[in-house]
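First up is the structure itself, then whatever we jot down about it.
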Amino acid sequence: MDHRSAPWNAVRVAWRITKLNFRAQLEYRAEFLLMIAIGAIWQVSVIVFATVLLTRFSGMGGWDSADVLLIAAMRMMAHGLFVLFLGRMHALAYRVQEGVIDAFLLRPMPVHRQVQLSFFPTNAIGDLTVAVALFIGALVRSSQEWTAGRIAFLIAGVLGGMLVEAALFTAMGSASLRYPAAQYWSRWLEELLGTFGSYPLNVLPKALSWLLTFGLPLAFVAYFPAGVLTGHGSALGVPMWLAAASPLIGLGLYLLSRLLWSWSLKHYTGVNG
Amino acid sequence: MTAVPGVWRTARITPLGELLTPPRMTGVAVQLVIQTVLVVALWRGLYADTGPTTAGLSREQAVTYAVLAVLATRLRELDRYAGRDTVMQHMHFGTIVYWFLRPVSPRRYYALRALGDQLYGLAWAAAGYAVCLAVGVVQPPHSAGAAGAFALSLLLGQWVLYYIMLLIDQLCFWTLRNSAAMLILIFAQNLLSGVYAPLWYFPDWFVTLSAFLPFQATLNVPLSVYVGRIPLADAGPQLALQAGWVVLLAVVTRLVWHRAALRVVSQGG
């Protein structure tokens, strides 16, 4: 095979598998439609919760509603993109239990890519539909001046958020290769990201917001990038440069998680020993 | 005489699986602690910038409500998927037929499994409650009457939740899969029962809408009775409404079991 065309071939194969996966999802029509609904309902529930908090409580940690909306919108968009492109790590523990990983190891394609191409994430359609709507709403309500530089940082922030989430779940997937109980943590982590990822973390005591920054890097998903964009940089609890480096930190964390994945896969022993 | 050991053996399947997996139990304990600490910090932080009472709930009432809601989710979270004993998996692998061939009816087997799961979850919730009460994170109920009404309301609420979960599982007999419906149910239950935030904070239209759905009967009613947001004198109609949902859902699910049995074929018919 011509080595120059190898990446292009990989994209072509991935695209063909994705098309097949999409058709496979259409096999169960009711499930397909419900899966789209689930993404939408989950995201709408986040919006309702945010609206309730903003209506009942006067500001959250000094952030006005438009700025909080921007955090929620960035988090939701990052999450939707994560689910679409890199989100198949959630159910990995079950794939290990079924022995599917053993089969993946025998095929001429990286195992990580096979996991990502194992099924089409129909719920991402619902996730992204609501996320785009909220994103447009947040940008319209925002009083910021959207210069080219700000827009570039906004895009980088969303992509960085996607990579932080991908890094966390890739680490969980790596753990799933050895410990089936990691599935429990994975489900909880998703809930935690949905609940605390969309609001200003300075509402929490310093120790907890520190924990959600350096223990579990949730703050880098949307809180820090949105803080930089909305001028809350000095009140984020970390140096401005660190908050501004969120997209790069996301990239770094994701690369680290992929190294962890490769290491875990080398030490993987299948259900048959 | 053989009924009791049979009941016990069926009910303990999932709890036994949990007890034999210490990492899962450690995970549950750590997650409960972190989630509780975060929820307490969030609501205290929100009330710090606002008045002492919002939507008829004081800071202490709101924190108690939110913590109890976190603990209550333990009653629902057990994983039967790992043991391949969900209705969806049995439909997928064709093993659902064995549920209908055993001396125990599928309806009874399902109920006993759920009973064991919920009792195990209750042990976690009760332990968490004792710790939270001891450290002063949650307030005790106002009176013995309120405590009694709360216990009864919680029992009815869990009963309603059991039937809702059963109905979603029964969906598999027609749709084969129910993972999306189950996720929708969990989100709807979280949102409409007060797990995310006490229903009292929501707009009037939302509260009115949820009054017509069974979800608020699962958690919002018992927790509101506990914190005193629903006074003891007003608890009667709410308890009656919960009992009404139990009866209605019991009739519907029984009917669906009957219809489901007609759809199951063994060895190709």
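Taken together, the values in this text are just the output of simple stated rules run on the coordinates, not laboratory data. The structure displayed is predicted, hence computed values, not measured ones. As a convention, Cβ positions derive from the backbone with ideal geometry for all residues, glycine included, and neighbour counts pool all protein chains shown.
The table below gives the values:
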read-out	value
The stretch A:3-266: relative contact order as a whole-number percent, Cα under 8 Å and 6+ apart	27 percent
Shielding by partners - mean other protein chain Cβ count within 10 Å, residues of B:177-187	6
Chain B, dipole about Cα centre (Lys/Arg Cβ +1, Asp/Glu Cβ -1), debye to the nearest 20	880 debye
Relative contact order (%) - criterion: Cα under 8 Å, at least six apart; region: the stretch A:1-154	41 percent
Dipole magnitude of the protein assembly as shown about its Cα centre (Cβ charges: Lys, Arg +1; Asp, Glu -1), debye to nearest 20	1380 debye
For the stretch B:3-263: relative contact order, % (alpha-carbon pairs under 8 angstrom, 6 or more apart)	25 percent
B:93, B:187 arranged by Cβ crowding within 10 Å, fewest neighbours leading	B:93, B:187
Fewest-first ranking of B:91, A:89, using other Cβ atoms within 10 Å as the exposure measure	B:91, A:89
From phi via Karplus (6.51, -1.76, 1.60), per-residue ³J(HN,Hα) for the stretch A:130-136 in Hz, x at Gly/Pro	5, 4, 5, 4, 5, 4, 5
Farthest toward positive dipole pole in the stretch A:1-97 [+1 Lys/Arg, -1 Asp/Glu at C-beta], among A:50, A:20, A:30	A:20
J(HN,Hα) series, the stretch A:193-208, from Karplus relation 6.51 cos²θ - 1.76 cosθ + 1.60, nearest Hz, glycine and proline x	5, x, 7, 9, x, 9, 10, x, 6, 6, 5, 7, x, 4, 4, 6
Backbone HN-Hα couplings from phi across the stretch A:13-29 [Karplus 6.51/-1.76/1.60, Hz, Gly and Pro as x]	5, 4, 5, 5, 5, 4, 4, 5, 4, 5, 5, 5, 5, 6, 4, 9, 4
Least to most buried among A:46, B:7 (fewest other Cβ within 10 Å first)	B:7, A:46
Rounded FRET efficiency, nearest 0.05, which uses the C-beta distance separating residue A:255 from residue B:151 and R0 of 35 Å	0.10
Separation of the residue A:12 and residue B:250 label points, Cα + 7 Å toward Cβ, nm	6.5 nm
Estimated inter-spin distance, residue A:266 and residue B:232, nm [label 7 Å along Cα→Cβ]	6.7 nm
Among A:207, B:208, A:117 the positive-end extreme of the charge dipole of the protein assembly as shown (Cβ point charges)	A:117
Shielding by partners - mean other protein chain Cβ count within 10 Å, residues of A:199-210	3
Mean Kyte hydropathy of 0.5 or more with a Cα span along the axis of at least 18 Å, helices from DSSP in chain B	B:22-48, B:59-72, B:144-170, B:179-193, B:235-263
Cβ-placed point charges (K, R +1; D, E -1), dipole of the stretch A:3-266 about Cα centre in debye, nearest 20	760 debye
Calculated on alpha-carbon atoms, Rg and Dmax of the stretch B:38-175 in Å	19.4, 61
Fluctuation leader among B:196, B:162, B:120 - chain B, Gaussian network, Cα springs under 10 angstrom	B:196
Of B:68, B:219, B:119, the one that fluctuates the most in a GNM where chain B has Cα springs shorter than 10 Å	B:119
Dipole of the stretch B:3-263 [Lys/Arg +1, Asp/Glu -1 at C-beta], most positive-end residue of B:152, B:221, B:165	B:165
Debye intensity ratio I(q)/I(0), log10, the protein assembly as shown, q values 0.11 Å⁻¹ (C-alpha model)	-1.09
Spacing of the two label points (7 Å from each Cα toward its C-beta) at residue B:174 and residue A:29, in nm	1.4 nm
